[in-house]
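Here is the structure we will look at, set down as structure tokens.
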Amino acid sequence: MLVINNLKASIAGKNILKGISLEVKPGEIHALMGPNGSGKSTLAAVLAGRELVEVTEGTVTYLGKNLLDMPPEDRSKEGIFLGFQYPIEIPGVSMVNFMKTAVNEHRKHNGIEPLSASDFLKMMREKKELVEIDSKLANRSVNEGYSGGEKKKNEIFQMAMLEPLLAILDETDSGLDIDALRIVANGVNRLKRPDNSFIVITHYQRLLDYIVPDVVHVMYDGKIVKTAGKELALELEEKGYDWIKKEVENSIVA
Amino acid sequence: MSVTTEIAERYSVIYAENIEKISDYSSPYINSFRKPAFEKFRELGIPTKKNEAYKYTNLNIFFDHDYANYFIPVASDFVKAEEFRCDVADLDTHGIVLLNGFYPTINDKLRKLPGGVWVGSLNEAAAKFPDLIEKHYGKYAQSDSDGLIHLNTAMAPDGMFIYVPEGAALEKPIQIVNLVYSEEDIFNQHRNLIIVEKNSEATVIVCDHTLSPKKFLTNAVTEVFVGENSHFDIIRVQNEHNNAGKVTHTFIHQERNSVTASNNMSLHGGLIRNSTYHYLGGEGAETSSYGLFLTDKWQHVDNYVNVDHAFPNCTSNQLFKGVLDDMSTGVFNGRILVRKDAQGTLAYQRNNNIILTDDAKMDSKPQLEIFADDVKCSHGATVGQIDEDALFYLQSRGINKHEARLMLMFGFAHEVIQNIKIYPLRERMDNLVMQRLKGELSRCASCMVKCG
């Protein structure tokens, strides 16, 4: 589904990603862990098409197409979803209008008629139930005045509405209390199908108690330095990141 | 002779030529204001950039021009107007049409609405309700610096009169559709008086339109009296062509515990200057002053707001927003005056603007003069571009860049629109603003007038 090959990228001239290679197959859940500043969010931004990040080398192929050539909206319509670490507040734009526009853009892309107002509201209702989001949120402006937890739940709700093939969740768990965390994780699990994939970026093992990954990667200094099964996450929780840093530094010395 | 005195001279000639005709139409009481007002105008002249309140607006483009006539309705205009009927599409309002500032019917110049409310021609009202006119006319529109207010007092032939008696609550808004229509360049002035007595409630919508592509200049003064414990909202929707100049002065005088809101929606126009004066003249009075403007090409919109906290424990809130495209220019000047005795004042002001090009320009000037000590005041102004983070957020959900920009501009504007209390009007404003942002707005097509 997604093949990243030797990806290098910089922000304002500073190299952040220093050669990432990664393959995600349909149905897989990948966890991407690593200390602050290791480049996890930058990788997510590159995949979603943020212009701020400049790709200097490497390729990203998504469903056989060159992803880096596509504007962000086309990536979305092709099935990529980014759950933002810091969802943006947009005063004056209602959730209903926002999602209706987005869903109908997706449908147009797929050659399907736009939803009628009543069908759309029905869909909103169903998805709200699915992800256990407070129905009042949908009547407000996008993320405006939402608490941190509400913003993250709203990301999961949008994911439910857009039904992506590849969802990248950028620290969706950060700052959540246990109830919110469970809602976010349940949302992901309910939306999981055999043909869609997730890249879950997180600092903490905690989320992975609820979302069980197939593969765990550890990023450090712009590279993936370790890839293993779900047991790696537990090891990280126990020992922290220092041993990984040491391993990397030793290997450079050696 | 300097340019400014030349222009003032031009108006002296117009005054001399027309004052007799104007006075013939008007009541002696209103006429008694004319000569002193004209002398005051001679003294002050047309405001220039030297006038602090007009620092960023050049009025000469419109005032230094030979208009084919100074508009005074004659009998044939009323006949023409009868033939040229405009229907106000149903917004469930009490609709009234003003043509070039006069009330274009031969009969029924003063109408009675439910609850004892009267609407109609100011001249007609001056004959029917002399006491009301003498009590209120010319009492609120006062200025020691703006000559245009005096020019209006000196020469406005007629205008709109609204009287909401004590205890009346008008369920439907009154909608005044202000049309400018002529086959030649004209300068017109009208003078409105709105009296809302105590414990009553009314909403007035004023729609400014131009119907023919000539050069027009309008200088309008509206005086509003809002009695104790009353609620009054005024919403002005401006949609005129690029060759139209519009200067409005609205004076809202509030008594104790009254609540008012004013909302200036400038969708389109060549040069627009709206001055809104809020006088909080009794304890516990509350006012909100809102404004939204959308400009492109060479358009210029200037909003001047003056809030006068004269009594304790009053609240005022200003929110003005602008979206400027091409090489258009905008001005916001918001003055808050808190007088020495106005303890317990709450006064807020915010002005946010989005500039879409490098050539558009916005000048924002807060002006706070506070002489009381127990006061809560705040003000803030921003001029910026479209938020790139928000743009990316929308794009990342599959919305293309163009549409995403529209949504953001609309959202920005909606913060002002959402303060309109009448839901259908709010919805209609949303649609008009969306059309305007898309570049599709010509006349307020679905909105107001069907003429022919």
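The values are calculated or read from the model by the stated rules, or taken from the named source; none is laboratory data. Owing to the predicted nature of the structure, the values given are computational and were not obtained by experimental measurement. So basically every Cβ, Gly included, is an ideal-geometry build from the backbone, and we count neighbours across all protein chains shown.
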| Restricting the range A:74-88 to residues that are surrounded by 24 or more Cβ atoms within 10 Å (Cβ to Cβ) and of a type in the set (A, V, I, L, M), which is farthest from the other protein chains (Cβ to nearest Cβ)? | A:Ile80
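Check B:Phe371, B:Phe412 and return the single one that is touching a residue at least 12 places away in the same chain (Cβ under 8 Å), aromatic (Phe, Trp, Tyr) and more than 14 Å from chain A (Cβ to nearest Cβ). Lay out the reasoning, then the answer.
On the way: B:Phe412 fails: more than 14 Å from chain A (Cβ to nearest Cβ).
Matching residue, one of B:Phe371, B:Phe412: B:Phe371.
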| Looking at (1) part of a helix (DSSP H, G or I); (2) at the interface with chain B (Cβ under 10 Å from one of its Cβ atoms), which is the only condition A:Ala138 fails? | (2)
| field | Sole exception among (1) of a type in the set (Phe, Trp, Tyr); (2) closer than 20 Å to A:Ala45 by Cβ; (3) more than 9 Å from chain B (Cβ to nearest Cβ) for A:Tyr146, by number | value | (2)
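I need the full set of residues from the range B:198-240 which are aromatic (Phe, Trp, Tyr) and in contact with a helix residue (DSSP H, G or I) (Cβ under 9 Å, 6 or more places away or on another chain), in order please.
Residues of the range B:198-240 that are aromatic (Phe, Trp, Tyr), as a first pass: B:216, B:225, B:232.
The answer is B:Phe216, B:Phe225.
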| message | For the condition among the acidic types (Asp, Glu), farther than 23 Å from A:Asn139 by Cα and without any contact (Cβ under 8 Å) to a residue 60 or more places away in the chain, what is the one hit in A:Asp170, A:Asp177? | response | A:Asp177
| note | Being basic (Lys, Arg) and out of contact with any helix residue (DSSP H, G or I) (no Cβ under 9 Å at 6 or more places or on another chain) narrows B:Arg335, B:Arg350 down to just B:Arg350
| query | Does any residue of the range B:383-398 turn out to be more than 12 Å from every other protein chain (Cβ to nearest Cβ) and either surrounded by 15 or more Cβ atoms within 10 Å (Cβ to Cβ) or in contact with a helix residue (DSSP H, G or I) (Cβ under 7 Å, 6 or more places away or on another chain) (or both)? | reply | yes
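Just for the range A:91-135: of the residues that are within 24 Å of the chain's Cα centre (by Cα) and not in a helix (DSSP H, G or I), which one is nearest to the other protein chains (Cβ to nearest Cβ)? Break it down into steps so the answer makes sense when it comes.
Looking only at the range A:91-135, we keep the residues that are within 24 Å of the chain's Cα centre (by Cα), and these are A:91, A:93-110, A:123-135.
From what is left, the residues that are not in a helix (DSSP H, G or I) are A:91, A:93-94, A:110, A:132-134.
Working: A:Pro91: 6, A:Val93: 4, A:Ser94: 9, A:Asn110: 11, A:Glu132: 21, A:Ile133: 16, A:Asp134: 20 Å.
Residue satisfying both the conditions and the ranking: A:Val93.
Of all residues in the range B:183-195, which are closer than 16 Å to B:Trp118 by Cβ and touching a residue at least 60 places away in the same chain (Cβ under 8 Å)? First the steps, then the outcome.
The initial filter retains those residues of the range B:183-195 that are closer than 16 Å to B:Trp118 by Cβ, namely B:192-195.
Residues satisfying the conditions are B:Asn192, B:Leu193, B:Ile195.
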| request: Inspect all residues belonging to the range A:47-64 and state whether any of them is of a type outside the set (Gly, Ala, Ser), more than 8 Å from chain B (Cβ to nearest Cβ) and over 27 Å from A:Asp221 (Cβ atoms). | output: yes
| task | Return only the number of the condition from (1) of a type outside the set (D, E, K, R); (2) more than 27 Å from A:Glu237 (Cβ to Cβ); (3) part of a strand (DSSP E or B); (4) more than 9 Å from chain B (Cβ to nearest Cβ) that A:Leu32 does not satisfy. | result | (2)
| message | Against the condition of a type in the set (D, E, K, R) and either without any contact (Cβ under 8 Å) to a residue 24 or more places away in the chain or touching a Phe, Trp or Tyr at 6+ places or on another chain (Cβ under 7 Å) (or both), how does B:Glu223 come out, does it pass? | response | yes
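Does B:Lys376 meet the test of being away from chain A (no Cβ under 14 Å), in contact (Cβ under 8 Å) with a residue 60 or more places away in the chain and out of contact with any helix residue (DSSP H, G or I) (no Cβ under 8 Å at 6 or more places or on another chain)?
Here the answer is no, as B:Lys376 does not meet what is asked.
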| remark: Residues of the range B:106-128 being more than 26 Å from the chain's Cα centre (by Cα) and of a type in the set (Lys, Arg), in sequence order, are B:Lys128
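Yes or no: the range B:286-295 includes at least one residue that is within 19 Å of B:Ser200 (Cβ to Cβ), at pLDDT 95 or above and not in a strand (DSSP E or B). First the steps, then the outcome.
Start the filter on the range B:286-295 by keeping residues that are within 19 Å of B:Ser200 (Cβ to Cβ), which leaves B:286-288.
Now narrow it down to the ones that are at pLDDT 95 or above: B:286-288.
If we keep only those that are not in a strand (DSSP E or B) too, we end up with none.
No, every residue in the range B:286-295 fails to be within 19 Å of B:Ser200 (Cβ to Cβ), at pLDDT 95 or above and not in a strand (DSSP E or B).
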